[in-house]
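Structure first, then comments.
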């Protein structure tokens, strides 16, 4: 999960965080002088003593940093306490960080609240491995070949289509009722990935909100991951866990592991009898993985693939409802396809206007606005400035996607801009990077794109949608909430009516 300093600072003004500052002020005073004054750092807003730029970020740092970029330039630096942060907010900056200097900036910045030391994460993790080591490359290649290759994705299509049938049936039973569409999609996507790993559903669609079970654990983990951790800003406090975040996260993670731990135990016993291979758990066992690594990679796959996909679908549905003519056009395209073909994701994902709508959603509402933070392995020169070793480095893809020098009328939802443009999100077009680029690009981007297309097509083909109480969709609140992912501040509530 994203436990980085940037996903924590949006709640920076919480009483708990501010009360901690006087307790450590006298410790920090003697280390408040800049440590890189002789280096040519990127420009940025002037830091306060001790606090640095922490108070400059506010609750929506992706917007604050985009504003800083207009004043100080596309590559800026900020001091978060004692931690140096470098932010790229242009196509050129993204290209230099993610392509030209990909190797030197490929390490992962990991929070002091992480459950394991770096050497353990490097052995068990994909997303949160701190180095692109040979072991990391082997694990990533295994996931790519078994889960994310073209052959693997095609073989999984039947499962995803089956889950769409379950989703349509579930929503159909709630015709005329208010549905929180993001939660429905989250459960469907979570169970899809759970079946790829364990061949079981782990979340019940009938769960009432986030009140029970695994869904509750997920929300708790995201809340913990979005809590400011003072040790990230002042490393001298790294071993203290003043706020108890590491302890609370350990409890939450262990409870999550317990949910699917029984499936690992049962499968180990069956695997000893050389049963047939069914899913990714069998691949783990065949390769001699220990329980800790199986648990951790499963958690990374479930966390990385679930909330981002659900958030993207929710934003897409909100934009379509708000823009009636676009909704009518994409619905007609889907209807024409469905009149001549059954619901097959291989065809749905190639519908040009639907594809353009998905891309436009990802441009305006990238699920992870800063990507996942990187760390400089050594001093590195980017755009004529020095990025010191161990600096935290991020790319503000939210800002790049709204750059008026790259996009005409950038704040408007206009899928037509992608028709015939050739722009894609596979990491080669640096003005459009919702899934990142370089060594750390999201390995599951093709699967995620397939699922997003299929979900939206299913929702629009089977149902007409309206807002509760006759609300005008043109007035729909599109405010953002910064956190683990960039969610709608007010979840999308909709009322379905069957079309067929």
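Assorted remarks:
- Any hit, segment 159-172, residues being in contact with a strand residue (DSSP E or B) (Cβ under 8 Å, 6 or more places away or on another chain), at pLDDT 95 or above, part of a loop (DSSP other than H, G, I, E, B) and farther than 17 Å from residue 306 by Cβ: no
- Single unsatisfied condition, residue 350 versus (1) in contact with a helix residue (DSSP H, G or I) (Cβ under 9 Å, 6 or more places away or on another chain); (2) without any contact (Cβ under 8 Å) to a residue 24 or more places away in the chain; (3) under 21 Å from residue 43 (Cβ atoms): (3)
Let's see how each residue does on (1) surrounded by 16 or more Cβ atoms within 10 Å (Cβ to Cβ); (2) outside any helix (DSSP H, G or I); (3) modelled with pLDDT under 95:
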{"position": "6", "(1), (2), (3)": "yes, no, yes"}
{"position": "29", "(1), (2), (3)": "no, no, yes"}
{"position": "33", "(1), (2), (3)": "no, yes, yes"}
{"position": "38", "(1), (2), (3)": "no, yes, yes"}
{"position": "78", "(1), (2), (3)": "yes, yes, no"}
{"position": "96", "(1), (2), (3)": "yes, no, no"}
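- Selection within segment 237-262 - at pLDDT 90 or above, surrounded by fewer than 18 Cβ atoms within 10 Å (Cβ to Cβ) and more than 17 Å from residue 303 (Cβ to Cβ): 244, 247, 262
- Qualifying residue in segment 404-412 (condition: more than 30 Å from residue 145 (Cβ to Cβ) and in contact with a strand residue (DSSP E or B) (Cβ under 7 Å, 6 or more places away or on another chain)): no
- Checking residue 300 against (1) in contact with a helix residue (DSSP H, G or I) (Cβ under 9 Å, 6 or more places away or on another chain); (2) in contact (Cβ under 8 Å) with a residue 40 or more places away in the chain; (3) within 30 Å of residue 197 (Cβ to Cβ); (4) part of a helix (DSSP H, G or I), the condition it does not meet: (1)
- Any hit, segment 322-330, residues being without any contact (Cβ under 8 Å) to a residue 60 or more places away in the chain and under 27 Å from residue 219 (Cα atoms): no
- Qualifying strands (runs of 3 or more DSSP E) (wholly inside segment 345-425; at least 3 residues being under 21 Å from residue 451 (Cα atoms) and at pLDDT below 95): none
- Residue in segment 193-215 that is modelled with pLDDT of 90 or more and under 19 Å from the mean Cα position of the chain (by Cα) present: yes
- Condition check for residue 316: within 28 Å of residue 392 (Cα to Cα), in contact (Cβ under 8 Å) with a residue 24 or more places away in the chain and outside any loop (DSSP other than H, G, I, E, B): no
So that you can scan it fast, the table gives a plain yes or no per residue for (1) touching a residue at least 24 places away in the same chain (Cβ under 8 Å); (2) touching a strand residue (DSSP E or B) at 6+ places or on another chain (Cβ under 7 Å); (3) closer than 19 Å to residue 226 by Cα:
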{"position": "42", "(1), (2), (3)": "yes, yes, no"}
{"position": "47", "(1), (2), (3)": "yes, yes, no"}
{"position": "54", "(1), (2), (3)": "yes, yes, yes"}
{"position": "62", "(1), (2), (3)": "yes, no, yes"}
{"position": "67", "(1), (2), (3)": "no, no, no"}
{"position": "73", "(1), (2), (3)": "yes, no, no"}
{"position": "77", "(1), (2), (3)": "yes, yes, no"}
{"position": "81", "(1), (2), (3)": "yes, yes, yes"}
{"position": "84", "(1), (2), (3)": "yes, yes, no"}
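The values are calculated or read from the model by the stated rules, or taken from the named source; none is laboratory data. The structure displayed is predicted, hence computed values, not measured ones. In this analysis, Cβ positions are derived from the backbone assuming ideal geometry, glycine residues included, and neighbour counts consider all displayed protein chains.
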